[in-house]
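A.B. asks: A single structure is presented below for examination.
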Amino acid sequence: MERIIGIDLGTTNSCVAIVEGGTPVVLANKGGYKTTPSVVAISENGKRLVGHIAKRQAVTNAANTVYAAKRLMGRRWDSPAVRTMIETVPYTIVKGQGDDCRIKLRDRIYSVPEISSIILQEMRLVAEEYTGEKIEKAVITVPAYFNDSQRQATKDAGRIAGLDVVRIINEPTAAALAYGYGREVDKTVAVYDLGGGTFDISILRIADGVFEVLATAGDTFLGGEDFDGRIIMDWLVLEFARDNQIDLRKDKMALQRLRDAAEKAKCELSTAREAEINLPFIISTGGADALHLQKTLTREKLEELTVDLVERTIKICKKTVEEAGEPVDEVLLVGGMTRMPLVQRRVREFFGRQPGKNVHPDEVVALGAAIQGSALMQDQQQVLLLDVTPMSLGIMIVGGLFSVLIHANTTVPTSKAHIFTTVRDNQTSVKILVLQGEHEQASKNDLLGEFILTGLRAAPAGEVEIEVAFDINADGIVSVSARDLETGQEQAITVTATSGLSEDEIKKMMAENQEYLVDVRTNEALERKRLDARRAHSEVERIFPRVRELLAGSDFGDDAIRKAEGVLNRARKAIDGNDMEALQTASEALTRTLNMFKGVVEKIG
Amino acid sequence: MSGAEFSKLGAWEDRPRRNPSADLTTAQLDSRRAFLLTRLDGVASISDIVAISGMIERDALAALSALVEQDLVQIVPATGRRTPIAIEAAPMPVAVAEPVAPPEDDEEEDEPLSERPGEPAPVMERVDFLPDFHGVARDDVHWLRAKGDLGHVPGMPWQRLGTDRYGKFEFDRRALLRPCDLTVAQRREVLFLEANAGQLDHFEYFNMEPTADRTEWRRAYFRFSRQFHPDTFFRKNTGEFGGMVESIYRRGTRIHDAFSTDQELRDRYLRAVQARDAAYRGALEAARERYEQAKRDIEARREAQRVADRQRVAARRKSALRERLANNTRARREVHNPANERVERAQRFYEDGMQQYRDEKFIEAAASLQLAMTYDPRNEAYRQAYEKVSERAHAIKADQLWKFGYMQESVARIDEAIDSYLEAVKLSPRPSYCVHVAEMMLSMDRDLHRAAELARIASDADPRNVEYLLLLGKIYERVGLTVKAATVLERALKLAPKDERIKKAQKGLKR
Ligand SMILES: Nc1ncnc2c1ncn2[C@@H]1O[C@H](COP(=O)(O)OP(=O)(O)OP(=O)(O)O)[C@@H](O)[C@H]1O
Ligand SMILES: [Mg+2]
């Protein structure tokens, strides 16, 4: 049976899982880690670096190292989130053609889905390594509070990575799925997910293997990155400026070092009461001497810096619990940030209960994605997910107001139609602006797309009726159609506009990626061969002196020794080069020589 | 009771006629019998006579029967068809109807009434349409209507007559066979829901009982979701069912979402469905009630029809007979005037009677006077004379009979003797006669009830006679009326406390 992997494409860390023999397992990468940093870099010689390697070289290559790309997913160039990002990240964000934002690394401009696709690719390779099979299908998770553009962008990222994204599911839902999978649960469960970039809260009713999302909400720009930001901007940078009158923000490398240090300190403070931040030579003052940064961060100080962020999550929880209208039986904590004692305390206080301990905050989301993937493949599904749309969906109407057609927390898939009329006399076309959000002012919501319905009959205002129909499919992806009820003329879009990528672009990227993948794969084979050859080479070298000793003097011996020296020389050249064939020949020759040597030693020595 | 009662009469077609040798003068005749006697012409059948008598059938037959018993009338059996006389056990009081003109076309007389073409049997009316929101409170109707199809309550429950979920829904056979991965059960449910969404309330849509219980509701919705959620059909070929499955699931989730967020909708909807169901049951009940009533009405009309038929037939016969009799009379009247003849004959009998009376031939006198009375019943003088004479005549006759009986007894022809004595006491119940015959019957063990009756007559006439009481007691004892016997003996003992016979009798009684 075809395998479907589950990928948790996180802001900070990504994770891949698969269901094997009915049990979901998280797969470790080559380095033995179960999560892979969502970091992508381009090295000086133009090589793609992903995960731990990319993270390790970030300090020295800050401008060409992308982290937290997920925060840019599906966002418009002029959105406040992008503004903030431009100010705080060391890499360069530029404006794309479709009003989206793109990332400039070395001499190339990448779309955000492309960056994400590089991470997805990596996760796919991890899974292929583990299973020894080619993986083509995946369930990818997104924050529950992602809007349609962000979901679309994620789907595109999957496609660029050559994956058939069979389903996009929400991270907290996936977590609940992993929690309730394979056991009898009849409970109302709240999933509090605070990760590196986003916050989600979902309340689910679980019974008979059905997972019904009652309510969900969140903030797609609230996560560990913001906690780190507080430490850096509101404390380290401020203090340093006060002491040295130098703005560290100007120096990309310094900023990257601060970032690493801040995160490290934050994590330490989850167990320790204080953490040392020690950054020698943080910045040079122009002359020969450099300045050092040495600080001690206490847990109290950290909490003081970030308490409002935590309160924001609690406020959202409150609204969501009300919306769900059902008492919560169990609270699950998901995401690395929930290790922070302040978060745990506030969650415990708010829900009035100790959060459940039986889920792994970093792995549970990927596990849930894998479970959903395998469930979809089964004939008789063990689990069934009934998810909702997190945000209200509607169009802009006269006066710049937002007319909601599908309310937040409506179970998907769903569809809804509504009839609107023209507002001006002899109006022959209408512009339909599709929006998502909760604000009554249309402009304060996310614009998903727009289209124009033309050819309306010229008539007094209010006489021509237009039916606008919304549809959200099981992935939570929206399509909209408008129909002139008089002529039956119809215009429809699947709202893709702000994912920023045209179909052609995606196709091109897919092809490029395919090439890269071939590259990576041949490279790997080459390296393996090189390794073999090197091993054989050193083995031959190791026993050469003894063989020389034994054979020296005879004609035959001298000849053999000369030949062996030739083999070693050629092998050395092949090992240094990049010629697969030469390596292959060298390897074979080395093996033959080695066998011969071994025979000599056995017979004579 | 059967026709055995009137077995002496034979069949309806038989003709009664007067016994030419009967002694009418001594016959005991009440008005009915006397009247019937005058109706007999030897031609009319029993059924005709009954029909023209104007009496209740049963009474007429009883009177005729008595006349036969008295040997005043003889029955001449009809030749040909004879219908035994049998009348119903609980006779309907058939009112004497106005003569009804017989129908123009002469119907077959013996056409069985029960097979007349009647009105068709009533059909239970089917309650298969009630308007939407039937039986729902006004307030709820307004509120729910405003909710569009989310508040829609069909006029009646889908599952009507204890059928299965799909009831009479006709599945498109071809659709059930279309190639796809759905099971037949799934296809049925899909086709059913798709076609009938508008006729199902939300509970029926989810295949559940109406309830306020949220857990129940959720369970049903989960069951529904497992059936219709797109994931269930992931990678399955849903063929032409795909679109339907989608739209069904969307409708279901819309209902569920509305129900789980809108408490008022849930409450009102449940109330409305319950009210609707109650109203529907009421409508069914009313239909059944109307059906039963119609059945009763038809039965009543049929019964009336039967009665009317019977009366019409009777009336027709009656008028036919009347006509025939009228013809007879007319023929006779052409010879002489019967009324005058009667008066004359009455007068003659009266004169004979009075002469016989003067000659002290009392019995003959009574017979003559009775005939005079029969011919001219309205003549008061005849009646008075008859009454005066008949008393004497009875006494004399009784004496004659007594003497005759005594003669018989003396030659030990006991039965003849008793018969004669009984005749005598019937005419003149003198205590001494009564006691004599009663004693004799007791000792001979003949008709003891009659004996007791006679002893009582005697005792009533002379209550202080110990002998009479003693006899009465003995008879009672013999027939087993021990309580009565005891009372009688008690009375006797009071009158004659020392009488050993009484005490002995009492002792015997106690044993
Ligand atoms: N022990 C710890 N104490 C405090 N914070 C921690 C700890 N461990 C990890 N974190 C923080 O958790 C965040 C990463 O969490 P996680 O890996 O769940 O996020 P993610 O899944 O990548 O992001 P998202 O789900 O928002 O897309 C980082 O900001 C990291 O600093
Ligand atoms: Mg996460």
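A.B. asks: Hey, any hits in segment A:255-275 for a residue that's surrounded by fewer than 20 Cβ atoms within 10 Å (Cβ to Cβ), free of Cβ contacts under 8 Å to residues at least 40 places away in the same chain and of a type in the set (A, V, I, L, M)?
C.D. replies: yes
A.B. asks: Oh, and also: For segment A:240-251, does any single residue satisfy the condition of being open to solvent by 30 Å² or more (accessible area, probe 1.4 Å) and either under 19 Å from residue A:339 (Cβ atoms) or at pLDDT 95 or above (or both)?
C.D. replies: No: segment A:240-251 contains no residue that is open to solvent by 30 Å² or more (accessible area, probe 1.4 Å) and either under 19 Å from residue A:339 (Cβ atoms) or at pLDDT 95 or above (or both).
A.B. asks: Something else now. Of all the helices (runs of 4 or more DSSP H) wholly in segment B:397-511, which have at least 2 residues that are within 29 Å of residue B:361 (Cα to Cα) and open to solvent by 40 Å² or more (accessible area, probe 1.4 Å)?
C.D. replies: Filter on segment B:397-511 gives B:414-427, B:431-444.
A.B. asks: Of these, A:352, A:356, A:325, which one is at pLDDT below 95, away from ligand 2 (no atom under 16 Å from the Cβ) and more than 14 Å from chain B (Cβ to nearest Cβ)?
C.D. replies: A:356
A.B. asks: Within segment A:193-204, how many residues turn out to be more than 16 Å from residue A:347 (Cα to Cα) and more than 13 Å from ligand 2 (Cβ to nearest atom)?
C.D. replies: Total satisfying the criteria: 1.
A.B. asks: So is residue A:6 at pLDDT below 90 and open to solvent by less than 20 Å² (accessible area, probe 1.4 Å) or not?
C.D. replies: no
A.B. asks: Among A:444, A:416, which is the only one that is more than 16 Å from ligand 1 (Cβ to nearest atom), open to solvent by 30 Å² or more (accessible area, probe 1.4 Å) and within 14 Å of another protein chain (Cβ to nearest Cβ)?
C.D. replies: Numbers: A:444 fails: within 14 Å of another protein chain (Cβ to nearest Cβ).
Step by step, each of A:444, A:416 is checked, and only A:416 is more than 16 Å from ligand 1 (Cβ to nearest atom), open to solvent by 30 Å² or more (accessible area, probe 1.4 Å) and within 14 Å of another protein chain (Cβ to nearest Cβ).
A.B. asks: Same structure, new question: Considering each of A:190, A:207 in turn, give the residue that is more than 16 Å from ligand 2 (Cβ to nearest atom), at pLDDT below 95 and farther than 30 Å from residue A:255 by Cβ.
C.D. replies: Working: A:190 fails: at pLDDT below 95.
Only one candidate passes the filter, namely A:207.
A.B. asks: Across segment B:218-235, which residue is nearest to residue B:256 (Cα to Cα) among those that are open to solvent by less than 10 Å² (accessible area, probe 1.4 Å) and more than 7 Å from chain A (Cβ to nearest Cβ)?
C.D. replies: My answer is B:221.
A.B. asks: Turning to a different aspect of this structure: Go through the residues of segment A:335-351 one by one and say whether even a single one is free of Cβ contacts under 8 Å to residues at least 60 places away in the same chain, polar (S, T, N, Q) and touching a Ser or Thr at 6+ places or on another chain (Cβ under 9 Å).
C.D. replies: The answer is yes; a qualifying residue exists.
A.B. asks: Would you say residue B:215 is open to solvent by less than 60 Å² (accessible area, probe 1.4 Å) and free of Cβ contacts under 8 Å to residues at least 60 places away in the same chain?
C.D. replies: On the way: open to solvent by less than 60 Å² (accessible area, probe 1.4 Å): no; free of Cβ contacts under 8 Å to residues at least 60 places away in the same chain: yes.
For residue B:215, the condition - open to solvent by less than 60 Å² (accessible area, probe 1.4 Å) and free of Cβ contacts under 8 Å to residues at least 60 places away in the same chain - is not met.
A.B. asks: Could you tell me whether residue A:145 is surrounded by 24 or more Cβ atoms within 10 Å (Cβ to Cβ) and away from ligand 2 (no atom under 14 Å from the Cβ)?
C.D. replies: The answer is no for residue A:145.
A.B. asks: Could you grab me the full set of residues in segment A:384-409 that are within 9 Å of chain B (Cβ to nearest Cβ) and in contact (Cβ under 8 Å) with a residue 40 or more places away in the chain? Spell out how you get there, then give the answer.
C.D. replies: Kept after step one, since they are within 9 Å of chain B (Cβ to nearest Cβ), are these residues of segment A:384-409: A:384-386, A:388, A:407, A:409.
Passing the criteria: A:384, A:385, A:386, A:388, A:409.
A.B. asks: Output the residue which, of all residues in segment A:27-56 that are open to solvent by 20 Å² or more (accessible area, probe 1.4 Å) and within 13 Å of ligand 1 (Cβ to nearest atom), is farthest from the other protein chains (Cβ to nearest Cβ).
C.D. replies: Within segment A:27-56, the match that is farthest from the other protein chains (Cβ to nearest Cβ) is A:55.
Table: residues versus (1) acidic (Asp, Glu); (2) under 27 Å from residue B:460 (Cβ atoms).
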| site | (1), (2) |
| --- | --- |
| B:355 | no, no |
| B:360 | yes, no |
| B:396 | no, yes |
| B:422 | no, yes |
| B:437 | no, yes |
| B:441 | no, yes |
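A.B. asks: Let me ask another. Which one is nearest to the other protein chains (Cβ to nearest Cβ), of the residues in segment B:236-263 that are touching a residue at least 60 places away in the same chain (Cβ under 8 Å) and of a type in the set (D, E, K, R)?
C.D. replies: Per the stated criteria, the residue is B:254.
A.B. asks: Working carefully through the options A:152, A:121, find the one that is farther than 21 Å from residue A:35 by Cα, open to solvent by less than 20 Å² (accessible area, probe 1.4 Å), assigned by TED's automatic domain parsing to the domain that holds residue A:214 and in contact (Cβ under 8 Å) with a residue 60 or more places away in the chain.
C.D. replies: Matching residue, one of A:152, A:121: A:152.
A.B. asks: Restricting to segment A:210-236, name every residue that is open to solvent by 10 Å² or more (accessible area, probe 1.4 Å) and away from ligand 2 (no atom under 16 Å from the Cβ).
C.D. replies: A:214, A:229, A:230, A:233, A:234, A:235
A.B. asks: I'd like to check which helices (runs of 4 or more DSSP H) are fully inside segment B:3-75 and have at least 2 residues that are in contact (Cβ under 8 Å) with a residue 60 or more places away in the chain and buried (at least 20 other Cβ atoms within 10 Å of the Cβ).
C.D. replies: B:46-53
A.B. asks: Another question, if that's okay. Taking the condition in contact with a Leu (Cβ under 8 Å, 6 or more places away or on another chain), at pLDDT 95 or above and within 16 Å of ligand 2 (Cβ to nearest atom), does residue A:103 pass?
C.D. replies: no
A.B. asks: Considering (1) within 14 Å of chain A (Cβ to nearest Cβ); (2) in contact with a Phe, Trp or Tyr (Cβ under 8 Å, 6 or more places away or on another chain), say which one residue B:214 fails and leave the rest.
C.D. replies: Result: residue B:214 passes all but (2).
The values are calculated or read from the model by the stated rules, or taken from the named source; none is laboratory data. Because the structure is a prediction, the values reported are computed rather than measured. We place every Cβ from the backbone using ideal geometry, glycine too, and count neighbours over all the protein chains shown. For the accessible areas, the whole protein counts, side chains as well, though only heavy atoms, and no ligand, DNA or RNA atoms are used. Shrake-Rupley method; radii C 1.70, N 1.55, O 1.52, S 1.80 Å.
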